[in-house]
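Working notes, beginning with the structure itself.
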Amino acid sequence: MNIVVCIKQVPDTETQIKIGGDGKSIDTSDIKWVMNPYDEFGVEEALRIKEAQGSGEVIVVGAGPKRVVEALRTALAMGADRAVHIEDEDLYGADPMFVAKILAKAVEPLNPDIIFFGQRAVDDDCGLVSSAVADYLDLPQLSVCIKVEVGDGKVTVHRPIEGQTNVLSASLPVVITTQKGLNEPRYASLPGIMKAKKKPLETKTLADLGLEREDKLEVVSLSPPPERPAGKTIEGETPEELAANLAKALHEEAKVI
Amino acid sequence: MAGVWILVEHRDGEIRRVTLEAAGAARKVADELGTEVTAVMLASGLEDKAAELGAYGVDKVLYAEGEAFAYYTAEVYAAAVAELVKQHQPDVLLFPASLQGKDLAGRLAAKLDVSVAVDCTALAVADGRLKATRPMYAGKVYAEVILSGQPQIASLRPNVFDVVETGGSAAVEKVEVAAPEPRVTLDEVLKEAEGKIELTEASIIVSGGRGMKAAENFKILEELASVLGAAVGASRSAVDAGWRPHTDQVGQTGKVVCPNLYIACGISGAIQHLAGMGTSKVIVAINKDPDAPIHSKANYSVVADLFKVVPPFTEECKKIKAAQ
Ligand SMILES: Cc1cc2nc3c(=O)[nH]c(=O)nc-3n(C[C@H](O)[C@H](O)[C@H](O)COP(=O)(O)OP(=O)(O)OC[C@H]3O[C@@H](n4cnc5c(N)ncnc54)[C@H](O)[C@@H]3O)c2cc1C
Ligand SMILES: Nc1ncnc2c1ncn2[C@@H]1O[C@H](COP(=O)(O)O)[C@@H](O)[C@H]1O
């Protein structure tokens with residue numbers, strides 16, 4: 001079985017995001033870059049499926065600047081077999097729909113049975129890429145999954161939605177997106193990190209894929225989040241007093257209860 | 001001009017509230033553009049419900065009846081909506097950034113060769129085009145975005161846009177639209193406990209963190225939540241400790257929520273947690289550590305032991321509810 005995992009490199013979730021000089025992109029000078037946390041679940045699940053089947057290949061694919069190689073190497077160190085990097089220095093911040101076009105082109109020749117994506121990238125918070133790739137490659141999609149079971153030529157997943165969990169099946173090949181709860185991603189071991197250095201990593205350009213940059217979603221400006229009004233400390237000598245004063249403030253002042 | 005469209009989301013035979021929020025948003029956009037609001041409804045046996053949308057700002061409903069539309073699958077819905085869009089050429093298409101809306105967006109946009117402004121918190125019209133505001137980096141920055149091409153598609157964050165009761169009525173027009181054979185099948189629906197309120201759509205959330213100390217202690221939050229009609233959330237620490245299910249996690253790698261009131265109990269306010277609830281309209285922090293970062297985000301801070309404060313607070317809330 002061939003399993004592809006698409007990996008986005010994103011700012012570490014601790015990062016303070018600063019707006020760049022152009023007012024419409026972020027200042028990337030001081031950022032620690034990591035693999036999108038949801039993509040780690042995809043790598044882990046792919047490795048588990050391969051291990052359970054006793055055969056197959058796990059290929060990780062990432063598009064973006066040169067630094068994206070680090071995220072791909074992390075996945076190789078976790079145990080993925082090889083990587084494909086679509087290198088483009090200006091790609092960070094691109095329309096996810098264009099990124100989907102790139103990934104569809106890059107993934108198709110790999111003949112995957114399953115393509116894993118994160119349910120969303122924690123930077124653009126879009127969650128567009130996976131279902132767009134599914135459409136470009138004419139594959140069914142199973143999104144936001146907390147359980148994946150691979151059977152004979154088919155896959156069954158658990159997808160929690162508002163107030164219920166849907167158990168869904170589709171035949172392979174299929175696109176699956178991951179949600180926290182699916183698994184506990186392993187850490188890269190030291191031998192894993194050593195081995196990763198020798199694993200194949202292929203580099204392609206947009207031209208190799210016959211694509212030219214096009215953005216149909218444009219950020220015109222970025223701004224800091226709206227300021228929250230200064231808070232109040234609830235006063236009171238006893239817990240009962242605190243409780244009463246809080247209830248009063250929420251009822252009479254904030255009018256939310 | 002075919003105006004502003006919304007896509008109706010329904011479940012278990014009912015139109016979902018998030019659809020009414022989209023209708024309210026669409027009404028405002030349509031008024032600014034000087035056009036109409038049309039709702040597209042793909043369903044099975046819900047024609048009677050369609051006309052009800054008129055009371056929430058919808059002028060017209062395009063209703064497509066079909067077995068294949070009884071429950072949502074991305075392939076079927078994307079194909080059917082894309083076909084209707086190609087026939088009627090709306091300028092704008094809005095739908096909720098619910099799990100369904102998020103699942104649909106990329107597939108639909110791919111078919112129409114456009115992009116999507118996902119999970120918007122505000123919409124404006126400038127020079128006859130949509131300008132959408134959407135949080136990025138889990139709310140650490142807000143982006144103003146524009147879309148090229150037609151239709152301009154935006155999905156709307158639940159709980160942000162007001163439901164507008166216009167009291168009108170909508171003309172329902174039946175349409176035929178082909179649906180492909182779905183390749184995804186729904187084998188089973190595992191229902192959550194009766195009456196459990198979805199976090200992303202709750203107007204009040206009571207949330208617990210590591211300070212709750214044990215799974216069974218969440219009982220006091222459940223009690224408070226049931227008095228307030230609230231949903232119960234959790235920090236990642238509480239989830240990772242196995243005290244709460246993953247679906248309860250609020251934060252950058254959990255749910256992004258926007259309730260009117262968020263009560264954080266025994267939560268320190270780590271950046272990844274704030275990312276998920278920082279846009280809540282009113283935040284209450286109950287934390288015994290005066291230096292916990294959650295206090296600096298809170299509208300109301302209670303520096304105290306949550307186990308001592310929450311039970312009497314629940315009693316106070318009961319009194320308020322009884323008087324209402
Ligand atoms: C990649 C990544 C993603 C993450 N995603 C998320 C996410 O989505 N959501 C999330 O929540 N976290 C997330 N985290 C984890 C986050 O960094 C914090 O570790 C976590 O939010 C801390 O949870 P907590 O506030 O419950 O626990 P703590 O930080 O341990 O805080 C417990 C608080 O309880 C208070 N307390 C203790 N006892 C009492 C008492 N009796 N009465 C009152 N107060 C009391 C303490 O003063 C303390 O402030 C993520 C981390 C990483 C690295
Ligand atoms: N530049 C990229 N390279 C590889 N995979 C990506 C890239 N951008 C997005 N993805 C994949 O698509 C998922 C969702 O991203 P997004 O639609 O941008 O939120 C991510 O979790 C990745 O699996």
Please report B:His273, B:His10 as a ranked list, fewest other C-beta atoms within 10 angstrom at the top and most at the bottom.
-> B:His10, B:His273
In peptide B:181-187, how many Cβ atoms from other protein chains are near each Cβ within 10 Å, on average?
-> 6
What does the charge count near A:Ala243 come to, summing +1 for each Lys or Arg and -1 for each Asp or Glu among other residues with Cβ under 14 Å from its Cβ?
-> -4
Gaussian network model of chain B, Cα within-10 Å springs - most flexible of B:Val61, B:Val145, B:Val29 = B:Val145
Would you mind counting up the charge near B:Cys120? Only other residues with Cβ under 9 Å from its Cβ, with Lys and Arg at +1 and Asp and Glu at -1.
-> +1
Any idea what angle helix A:239-248 forms with the longest principal axis of chain A, computed on alpha-carbon atoms, 0 to 90 degrees, nearest 10?
-> 80 degrees
Restricted to pairs 8 or more residues apart or on different chains, the lysines in the stretch B:199-323 with C-alpha atoms under 19 Å apart form a number of pairs equal to 11
Round to the nearest 10 and give me the degree value, 0 to 90, for the angle of helix B:218-228's Cα axis relative to the longest principal axis of chain B.
-> 60 degrees
XL table A:Lys255/B:Lys102; A:Lys32/B:Lys140; A:Lys18/B:Lys131; Cα-Cα > 24 Å flagged, in table order, is A:Lys255/B:Lys102
Gaussian network model of chain B, Cα within-10 Å springs - most flexible of B:Ala270, B:Ala97, B:Ala78 = B:Ala270
Tally Lys and Arg at +1 and Asp and Glu at -1 over the other residues with C-beta under 14 Å from the C-beta of B:Val58: what net charge comes out?
-> -4
Build a GNM of chain A with springs between Cα atoms under 10 Å: which of A:Gly79, A:Gly127, A:Gly20 gets the top mean-square fluctuation?
-> A:Gly20
Please work out the C-alpha center-to-center distance from the stretch A:196-230 to the stretch A:50-84 and express it in whole Å.
-> 19 Å
Interchain or sequence-distant (5+) residues whose placed amide H lies within less than 5 Å of the amide H of A:Lys147 are A:His158
Neighbouring partner chain Cβ atoms per residue of B:109-120, average, 10 Å criterion = 6
In chain A, which longest range has no trypsin sites (Lys or Arg not before Pro) that are both DSSP loop (not H, G, I, E or B) and surrounded by at most 14 other Cβ atoms within 10 Å?
-> A:68-196
Working from Cα positions, state the angle (0 to 90°, nearest 10) between the long axis of helix B:306-323 and the longest principal axis of chain B.
-> 60 degrees
Scan around B:Gly66 for amide H atoms under 5 Å from its own, H built in the peptide plane at 1.01 Å from N, and keep only partners 5 or more places away or cross-chain.
-> B:Ala43, B:Ser44, B:Gly45
Please list the non-local residues whose amide H lies under 5 Å from the amide H of B:Val61, H modeled 1.01 Å from N, same-chain partners needing a gap of 5 or more.
-> B:Ala39, B:Ala171, B:Val172, B:Glu173
Output ³J(HN,Hα) for the stretch B:281-294: one whole-Hz value per residue in order, computed from phi by the Karplus curve 6.51 cos²θ - 1.76 cosθ + 1.60 with θ = phi - 60°, and x for Gly and Pro.
-> 5, 10, 10, 10, 10, 10, 8, 6, 8, x, 8, 4, x, 4
So, by mean Cβ neighbours within 10 angstrom, what's the order for B:15-21, A:160-166 with the highest one leading?
-> B:15-21, A:160-166
Looking only at other chains, what is the average number of their beta-carbon atoms within 10 angstrom of each beta-carbon in A:84-96?
-> 1
Go through the stretch A:122-127 residue by residue and turn each phi into a ³J(HN,Hα) via Karplus (6.51, -1.76, 1.60, θ = phi - 60°); whole Hz please, and just put x for glycine and proline.
-> 7, 9, 7, 6, 9, x
So what are the ³J(HN,Hα) numbers for the stretch A:84-90, from phi and the Karplus equation (6.51, -1.76, 1.60; θ = phi - 60°), rounded to whole Hz, Gly and Pro as x?
-> 10, 10, 9, 8, 7, 5, 9
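Quick note: the coordinates plus some simple rules give every number you see, no bench work behind them. Source: prediction; values computed, not measured. Glycine gets a Cβ as well: all are built from the backbone with ideal geometry, and neighbour counts include every protein chain shown.
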